[in-house]
Amino acid sequence: MKLNQFISRDLVLLGSPATTVDEALVEAVSAIRAENLKGLSHDLALTRLRERFALGATCLPSGICVPHARLDGFDGIVIAAVRPRNPLAVPRAPVPIKLIWVIITSLAANTTYLRILAALTSLSRRESAMDSLRMARDPEAFLAVLAEEGGEIQTGLTVRDIMTRDVVSIRAMASVREVLDLMFSHKLRYLPVVDEEECLVGEVGILDLIAAGIPEYAQRVGNLNFLSELEPLEKLLRNEATIAVESVMKSPAKAVSPDTTVLEVSLEMATTKKRHYAVVEKGRLVGVVSSMDILSKVLRA
């Protein structure tokens with residue numbers, strides 16, 4: 001199905017007078033209720049949407065917000081689009097919000113619902129498509145843009161739908177200092193190591209760097225009481241500019257494909273206790289999928 005097939009003309013609310021996201025939610029739920037959808041409680045829907053919005057991570061850098069809710073006793077999926085007259089300032093949003101997608105579906109976390117979230121996120125990254133949605137004169141024109149730009153909603157959720165695409169990586173000949181600086185500045189715990197052609201050659205995690213500062217004999221003994229406090233780590237810091245990443249990195253673990261299912265990579269993480277996997281397509285690094293991606297984009301999507 002096309003993305004536009006999940007939203008009716010009457011649920012495209014252009015030129016909304018809403019001045020806050022909450023006002024937009026009230027308007028959207030009222031419009032959805034006007035469609036006389038069976039099993040939908042106005043108050044419960046609004047409560048669940050507010051709760052999900054309060055959790056965060058529903059406003060994106062592209063200027064869209066996607067509050068969504070799963071309801072017990074509600075069957076199917078419904079989407080409302082609210083385009084306010086003026087962009088909305090939201091404290092935790094990176095930019096003013098120009099378009100709000102409100103999604104209500106059943107309590108069961110079905111893959112169609114998650115696919116719609118992924119499709120809306122992907123759509124929001126394309127500036128030309130977003131400009132067309134913001135300039136649409138009426139609901140018909142708005143839905144026509146969705147029909148052309150929204151793509152097909154496939155069944156089954158894959159790594160491609162939830163992976164982090166803007167990957168921070170590093171070269172094998174970089175120094176430990178560079179790795180530490182990157183991890184600290186980007187708040188990362190894992191970095192894939194690539195060559196000049198962006199092919200995966202290794203990976204390094206924060207625990208690998210910490211282990212590099214602890215002598216091998218001490219790791220075997222399992223007790224550092226005989227060493228002065230922080231002595232090994234201080235030695236690592238003194239030499240961080242000259243130690244190359246290739247000397248501390250690990251060989252690449254089993255890389256996953258963008259087409260690997262989320263269930264497969266979830267099982268892999270649960271089995272290996274590994275929280276990050278590089279995503280490789282045609283030999284090149286295209287993303288990273290982590291346990292936090294599964295938490296934020298599947299379990300708490």
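With respect to (1) out of contact with any Leu (no Cβ under 9 Å at 6 or more places or on another chain); (2) within 16 Å of Ile162 (Cβ to Cβ); (3) basic (Lys, Arg), the lone exception for Lys235 is condition (2). Scanning the stretch 163-196 for residues that are of a type in the set (Phe, Trp, Tyr) and either assigned to a helix (DSSP H, G or I) or more than 22 Å from Leu236 (Cα to Cα) (or both) returns a single hit, Phe184. Based on what the data block shows, is Glu140 of a type in the set (Asp, Glu), outside the structural domain of Arg9 (by TED's automatic domain parsing) and on the phi < 0 side of the Ramachandran plot? Answer is no for this residue. Determine, yes or no, whether Val179 is crowded, with 17+ Cβ neighbours inside 10 Å, in the same structural domain as Met292 (by TED's automatic domain parsing) and over 21 Å from the mean Cα position of the chain (by Cα). Here the answer is yes, as Val179 does meet what is asked. Take the conditions modelled with pLDDT under 85 and hydrophobic (A, V, I, L, M, F, W, C) and apply them to Ala244. Does it pass? Taking the combined requirement at face value, the residue does not satisfy it. Scanning the stretch 245-275 for residues that are of a type in the set (A, V, I, L, M) and farther than 13 Å from Asp208 by Cβ, which turns out surrounded by the most Cβ atoms within 10 Å (Cβ to Cβ)? The selected residue is Val265. Looking across Gly222, Gly202, Gly213, one residue alone is of a type outside the set (Asp, Glu), at pLDDT 85 or above and assigned by TED's automatic domain parsing to the domain that holds Lys250. It is Gly202. Being charged (D, E, K, R) and modelled with pLDDT of 85 or more is a property that Glu268 has.
Candidates are the residues of the stretch 66-98 that are buried (at least 22 other Cβ atoms within 10 Å of the Cβ) and free of Cβ contacts under 8 Å to residues at least 60 places away in the same chain; the one that is nearest to the chain's Cα centre (by Cα) is Val66.
Considering every residue within the stretch 54-64, establish whether at least one is among the small types (Gly, Ala, Ser), outside any loop (DSSP other than H, G, I, E, B) and surrounded by fewer than 21 Cβ atoms within 10 Å (Cβ to Cβ). Yes. Residues that are within 13 Å of Val168 (Cβ to Cβ) and charged (D, E, K, R) within the stretch 197-212 comprise Glu198, Glu203, listed in sequence order. With the structure loaded, tell me whether Ala93 is more than 18 Å from Leu11 (Cβ to Cβ), in a loop (DSSP other than H, G, I, E, B) and out of contact with any His (no Cβ under 9 Å at 6 or more places or on another chain) or whether it fails that test. So Ala93 passes the test.
The values are calculated or read from the model by the stated rules, or taken from the named source; none is laboratory data. Model, not experiment: these values are computed from the prediction. Virtual Cβ from ideal backbone geometry, glycine too; neighbours counted across all protein chains shown.
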